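The values are calculated or read from the model by the stated rules, or taken from the named source; none is laboratory data. Note that the structure is predicted; figures quoted are calculated from it, not measured. Don't worry about glycine lacking a Cβ; one is built from the backbone with ideal geometry, like all the others, and counts go over all protein chains shown.
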Amino acid sequence: MYKIILASGSPRRREILEQAGVKFEIKVSNAEEITDKTNPSDMVEELARLKAEAIKKEAEGDFLIISADTLVFLDGKPLGKPRNSEEAYHMLKLLSGRKHEVYTGVAIVIGEKEKTEKRLVFHQMSRVEVETLTEEQIESYIATGEPFDKAGAYAIQGRFAVHISGIEGEYNNIVGLPIAKIYHELLKEGIDILKK
Ligand SMILES: Cc1cn([C@H]2C[C@H](O)[C@@H](COP(=O)(O)OP(=O)(O)OP(=O)(O)O)O2)c(=O)[nH]c1=O
């Protein structure tokens, strides 16, 4: 019996895992999100790995740690969380009228007493198409405050939903946790997180 630990302070990740019916606890990592990787999948996988390893140091007994990192990529360039209104404006202006990719890296560390730890690291990619935004739409969206803790300065699950003209791939991956991919990757390892 593993203790499932979500290594994340993101309320969206918690909600997705709860909605799926997984029983877990939360530990928030203070890992610095720095990577020298340049390609999207390597970047998000490395950042997710750092978060899982930071929590692993304190974990005991039988545990299964899940962490994730989400970045938006436009023409291969990463867009993280905007630090201020100017950055949010710049990101939303870039995304306007275009398709972009959302990558979420996932790191899972499985620890069992007297056994070598097992690590799974993978990513999921989804495509999002944003309609052409007017200046007024961008300004009023920034004024909601929603962009600031979201990669790419928007929340598909929030008020930005009205500006999304299409998506390809797993929806929950965009919100921050590709639960279907996680479930199936763990099933391949013989672990059913819904039965824990
Ligand atoms: C694109 C997009 C991102 N996001 C969020 C998901 C993540 O919380 C955030 C990306 O930041 P992350 O650095 O991946 O995660 P976090 O700092 O919020 O949480 P933690 O590191 O503790 O796990 O952007 C949305 O909520 N909706 C969206 O549509």
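Numbers for the structure displayed
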| quantity | calculated |
| --- | --- |
| Positions within the stretch 74-115 being among the small types (Gly, Ala, Ser), touching a helix residue (DSSP H, G or I) at 6+ places or on another chain (Cβ under 9 Å) and under 19 Å from ILE156 (Cβ atoms), in sequence order | GLY80, ALA88, SER96, GLY105 |
| Among (1) within 16 Å of the ligand (Cβ to nearest atom); (2) among the hydroxyl-bearing types (Ser, Thr, Tyr); (3) surrounded by fewer than 22 Cβ atoms within 10 Å (Cβ to Cβ); (4) within 23 Å of LYS56 (Cα to Cα), the one test that TYR183 misses | (1) |
| Matching residues in the stretch 132-156 - criterion: being within 19 Å of the chain's Cα centre (by Cα), over 17 Å from ASP69 (Cα atoms) and part of a loop (DSSP other than H, G, I, E, B) | none |
| Selection count, the stretch 157-167, where residues are touching an Asp or Glu at 6+ places or on another chain (Cβ under 6 Å) and either part of a helix (DSSP H, G or I) or away from the ligand (no atom under 13 Å from the Cβ) (or both) | 4 |
| Of the criteria (1) near the ligand (Cβ under 10 Å from one of its atoms); (2) part of a strand (DSSP E or B), which one LYS81 fails | (2) |
| Residues being over 18 Å from the mean Cα position of the chain (by Cα), among the basic types (Lys, Arg) and more than 12 Å from ASN30 (Cβ to Cβ) - total across the stretch 45-67 | 1 |
| Residue check for PRO40: more than 12 Å from the ligand (Cβ to nearest atom) and within 16 Å of the chain's Cα centre (by Cα) | yes |
| Near pairs, Cβ below 8 angstrom, 6+ apart or cross-chain, from the stretch 4-19 (of a type outside the set (S, T, N, Q)) to any residue that is away from the ligand (no atom under 11 Å from the Cβ) and in a helix (DSSP H, G or I) | ILE4/ILE193; LEU6/LEU17; ILE16/ILE179; LEU17/ILE179 |
| Count of residues meeting criterion [under 12 Å from ILE179 (Cβ atoms) and either β-branched (Val, Ile, Thr) or within 9 Å of the ligand (Cβ to nearest atom) (or both)] in the stretch 1-27 | 5 |
| Residue match in the stretch 176-196 (condition: modelled with pLDDT of 95 or more and over 30 Å from MET1 (Cβ atoms)) | no |
| Among residues of the stretch 1-40, those that are assigned to a helix (DSSP H, G or I) and either aliphatic (A, V, I, L, M) or surrounded by 15 or more Cβ atoms within 10 Å (Cβ to Cβ) (or both), counted | 7 |
| Looking only at the stretch 87-107, and only at residues there that are more than 17 Å from ILE142 (Cα to Cα) and not in a strand (DSSP E or B), the one that is farthest from the ligand (Cβ to nearest atom) | GLY97 |
